[in-house]
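No lab work stands behind these numbers, since they all come straight from the coordinates. Quick caveat: nothing in here was measured; it's all calculated off a predicted structure. Here the Cβ is made from the backbone with ideal geometry for all residues, glycine too, and neighbour counts use every protein chain on show.
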Amino acid sequence: MLTVRDLHAYYGKSHILQGVNLEVRAGEIVSLLGRNGVGRSTTCKAIMGLVEPVGEVLWNGKSLVGLRPDQIAHAGIGYVPEDRQIFPTLTVGQNLELGQKRAGRVGRWSFDDMFALFPLLRERRGNLAGVLSGGEQQMLTMGRTLMGDPELVIIDEPTEGLAPILVGQVGRFLDEIARRGVSILLVEQKLTIALKISHRVYVMGHGRIVFDGTPADLAANAAVRRENLEV
Ligand SMILES: Nc1ncnc2c1ncn2[C@@H]1O[C@H](COP(=O)(O)OP(=O)(O)OP(=O)(O)O)[C@@H](O)[C@H]1O
Ligand SMILES: [Mg+2]
């Protein structure tokens, strides 16, 4: 469904992405792994049109290059950025409502689904989003994105800064989301979750993919892990 071919991206004169190739098929959880600064977030932003993509980004066969971020979201790609983007002065419930598509179509996710998936959000439904903990804000951002009924969600480091108990929970949410037929492109630095829930993994070195394979392939490849993952 998502095909990225020879993708380049620049910040001014810095050539950050230097020919990234990757693919996410329907129903897959795919992880994009790599050390800090190799260009994982820039890859997400280039797919979403937040950074100018140079190269091919195909979504169900159609090019996304040149489209605005809102058009790309509307085409069915949800994006949960690194910096949790909640509206702090709105309530949890209002934040979720904002995620709902204006289009008349009924999405696959209801409020009750959100609260079943993230019970904490039900308790905090009337609270201002700004008072939630980091983990709760992360859940709210994911919930809001799902309310837009994406076919694919791109999630950038959802476990960053979370307590270990919440890290496991995020893994279970992602599993559940995929079970409902939503594909996931998960950006991570930590191997644990990615290896547990992914169907396939990509490892990024500086600006390009240096490994792709199954979690088992990566687990068996100590050299790739040593060079590109373990700190
Ligand atoms: N807005 C920006 N302007 C200039 N350079 C940037 C900008 N954003 C990122 N970079 C640089 O681009 C490179 C790739 O950054 P990116 O955010 O994609 O990395 P990453 O793999 O997501 O790592 P991390 O999330 O750990 O920072 C880094 O060298 C970073 O310093
Ligand atoms: Mg990043």
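Taking the DSSP beta bridges in the chain as the whole, what percent of them are antiparallel, to the nearest 5?
Values: 20 of 38 bridges.
Among the beta bridges of the chain, antiparallel pairing accounts for roughly 55 percent.
Using amide H atoms built in the peptide plane, which far-off residues or other-chain residues are under 5 Å from MET204 H to H?
Correct list: LEU33, GLY34, VAL210.
Calculate, in nm to one decimal, what SER14 and LYS196 gain on full extension: separation in residues at 0.36 nm each, minus their alpha carbon distance.
On the way: separation 182, 0.36 × 182 = 65.52 nm, distance 3.46 nm.
Here the segment from SER14 to LYS196 would lengthen by 62.1 nm.
What value does the stretch 15-69 have for Rg/Rh, both radii from Cα atoms and Rh as Kirkwood defines it?
Working: Rg = 11.5 Å, Rh = 12.2 Å.
That ratio is 0.95, to two decimals.
List nothing, just return the count: lysine pairs in the chain, 8 or more apart or interchain, with Cα separation under 22 Å. Can you show the working numbers first?
Working: LYS13/LYS45; LYS45/LYS62; LYS45/LYS101; LYS45/LYS190; LYS62/LYS101.
Summing the qualifying lysine pairs gives 5.
I'm a student and want to see the number: the projected area of the Cα convex hull of the chain, averaged over all directions, in nm². Don't jump to the answer; show the numbers that get you there.
Working: hull surface 49.4 nm².
Average projection, Cα convex hull of the chain: 12.4 nm².
Using modelled backbone amide H atoms (1.01 Å from N, in-plane), which distant-in-sequence or interchain residues come within less than 5 Å of GLY19's amide H?
LEU7, HIS8, ALA9
Given H placed on each backbone N at 1.01 Å, which residues far from VAL153 in sequence or on other chains put an amide H within less than 5 Å of it?
GLY78, SER183, ILE184, LEU185
On full extension of the chain, what length is gained from GLU52 through GLN189, given 0.36 nm per residue of separation minus the C-alpha to C-alpha distance?
On the way: separation 137, 0.36 × 137 = 49.32 nm, distance 2.42 nm.
Extra length available between GLU52 and GLN189 comes to 46.9 nm.
Per-residue ellipticity at 222 nm for the chain, helices alone: DSSP H runs ≥ 4 residues times -39500 (n - 2.57), over residue total, nearest 500 deg cm²/dmol? The partial results should precede the final answer.
Details: 10 runs with 85 residues, N = 231.
For the chain, the value works out to -10000 deg cm²/dmol.
Can you work out D for the stretch 33-160 in µm² s⁻¹ from Stokes-Einstein, where Rh is the Kirkwood radius over C-alpha pairs, the temperature is 20 °C and the viscosity is 1.002 mPa s?
Working: Rh = 15.5 Å.
Estimated diffusion coefficient is 139 µm²/s.
Hey, for a label at ARG108 modelled as a point 7 Å past Cα toward Cβ, could you say which residues of the stretch 139-153 have their backbone N under 14 Å away?
Counting backbone N atoms under 14 Å from the label point, the list is 146-153.
For the stretch 75-83, what does the Karplus curve 6.51 cos²θ - 1.76 cosθ + 1.60, with θ = phi - 60°, yield as ³J(HN,Hα) per residue in whole Hz, taken in order and with x for Gly and Pro?
6, x, 10, x, 9, 10, x, 4, 8
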